[in-house]
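Following: one structure in structure tokens, then a few remarks.
Each value in this text was obtained by applying a stated rule to the coordinates, not by laboratory testing. Because the structure is predicted, anything quoted here is derived from the model rather than measured. Every residue, glycine as well, gets a Cβ built from its backbone with ideal geometry; the counts of neighbours run over all protein chains shown.
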Amino acid sequence: MTEVAPDDRRPPLAQAAAWAARVMTVALEMVLPGVVGIWIDRRLGTQVLFTLLGFSGGLTFAIWQLLKMIKPDSSNAAGKLKSEGDPPETGKGGNAS
């Protein structure tokens, strides 16, 4: 099973809805370009040219989206390294007089 991030304090139903939205988005990114390709092929009378282009482009884009989803947010991770109780950083001298 997927473990929940320790800082995610949302109710379980909200977390499930967020994951369902992600899964549906990726699925539509894979399928819709291919369906549009089928429609274009029928309109232009081509065999499978735009169908193949649509499905291959949709699959490529969906994989790219999946990689973006699972990649940790580096800008947010850097901010989490400091704890809330740390004193604010001062200038190079460190004297607060």
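The table that follows gives values for the structure above.
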{"quantity": "Isotropically averaged projected area of the stretch 12-71, using the convex hull of Cα atoms (one quarter of hull area), nm²", "calculated": "4.3"}
{"quantity": "Listed peptides 43-49, 57-63 by packing density, highest first (mean Cβ within 10 Å)", "calculated": "57-63, 43-49"}
{"quantity": "Theoretical FRET efficiency, 1/(1+(r/R0)^6), r = Cβ-Cβ of THR25 and LEU53, R0 30 Å, to 0.05", "calculated": "0.90"}
